[in-house]
Structures are given as structure tokens and as C-alpha cells.
Amino acid sequence: MKRIQMWGVTPVRCLAIALPALVAFAGTVHAQVGASVTVVDANIATEPELSALPQLTPALVTSIVEARPFSSITELDALLARTLDRDQITTLYGRVFVHLNLNTATREQILLIPGTGPRMAHEFDEYRPYPALAQFHREIAKYVDDTELARLEQYVFVPIDLNTATDADILTIPGLGPRMLHEFQEYRPYQAMAQFRREMGKYVDEKEVARLERYVTIN
């Protein structure tokens, strides 16, 4: 790490300058699901949120809601392709998407992210496996500026380990609040994914268990 000397700045003033940056960095250290900037999660967006998006007619919104949860962007893509052309879908993906697992997403799925061409798809793949989203942030920052990095991160996630994930890790799962955080923790250690499904099934329906399962793993 480079040491930056701030000439003419007192230690107290230096801390005041550095603290906001440190706080911002701390917010990203544990994040395993990219923070939304312009894109909503297709699996949890409300009907009014979906209805406000370009290209989505009332009939298409109904189809999306009824088909949820999507296990991958490929499923959503197939549904949209019945009604919309590729340009319309690409425009829509600037506003709604299904998160990609950084360690398993195919090249074709990565290329569905608007503005992500073959070169960037190669960079996504090159640094696998990602142990944490922080690694993606660090590696992809070599190629794009902060704005573009934040845009790309909102499309991706790295699964969290059910037995070791911090509260901050778990709470990055879209739509997961303090109650489910408690339930995630209560049944540790998890021996198998079947146990996770069984225990979480006490609190939410089968579809919601399937949605949550996308974001977790047992190492």
C-alpha cells in the first residue's frame, strides 16, 4: 500500500479527511451482493416498480411475477424474448436483472449485462474463483473507473458461506432483513443444503427458499 503524506495537514484534520473514505470502504468489505445503483432485482421488485420500467406491459409484468423466482438471468431472458426484441431487452437490463453468480455465470450470461463486451467478459472469468466480492472490486477496478465499477457490481454476487458469513454478509442478500438474519444464524452449523431448505421452510414458502438459496453455500 502506498503511503500518502499530506503536507500542512494536522493529524486530526487528516483523520477527518480519511474517515469518510474508510467508512465507505468498510461498507464494501463484507458485501457479497453488489449494491443496486440503477438496477432492481427481478426476483423481488414490486409490481409498481416493474410497471414503471421501459418495455414492460401489464401482461409482461404479470408473467414475470408469476414465473418468479428466476434461478438465473437465462430464465428471465427466455421469458422476455417471447415478447421483446434483443435491443428492447438490453435496454430493460439497464433497469432490472437477476444477479449473476461470479463463480458460475456463463460467458453468455455475462454478456447480457449491458455494455459488457467480450473483453470484459474475459476479465470477469480470468479471476475465478472469487472468494469475495471485494476481489472482483479490486481486479475489475484495473480496467474501469469507479462509476463503471459500481454499475457492473450491481449485476453480480459471490455466494456466502452459511456457517461463517458475518451479519453484514448475510444482510446484502436482497430482501433479507433482521428476522431472517436471525433464522440463518440459529441453525448453524449447517451440514447440508437440505438442512438449510428444511429450516428456512419453516418461515418462508418454497419459492422464497429457492430465491435465498441462490446466494448461499456450505464450504
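Report relative contact order for the stretch 162-217 in percent, whole number only (criteria: Cα-Cα under 8 Å, sequence separation at least 6).
That works out to 38 percent.
What is the set of long-range amide H partners of residue 96 at a cut-off below 5 Å, with H atoms built 1.01 Å from backbone N?
Under 5 Å from the amide H of residue 96 lie the amide H atoms of 40, each far enough along the sequence or on another chain.
Over the chain, what is the relative contact order in whole percent, taking alpha-carbon pairs under 8 Å and six or more residues apart?
Contact order relative to length: 26 percent.
Calculate the radius of gyration of the Cα atoms of the stretch 162-217 to one decimal place, then report Dmax, the largest Cα-Cα distance, as a whole number, both in Å.
Cα radius of gyration and Dmax of the stretch 162-217 are 10.0, 25 Å respectively.
Under 8 Å for C-alpha pairs, at least 6 residues apart: give me the relative contact order for the stretch 86-188, rounded to a whole percent.
26
What are the ³J(HN,Hα) couplings of the stretch 95-110, residue after residue, when phi is run through the Karplus curve with 6.51, -1.76, 1.60 and θ = phi - 60°? Round to Hz, x for glycine and proline.
10, 8, 6, 10, 3, 9, 6, 4, 8, 10, 4, 7, 4, 4, 5, 4
Every number in this text was worked out from the coordinates using simple rules, so none of it is lab data. Note that the structure is predicted; figures quoted are calculated from it, not measured.
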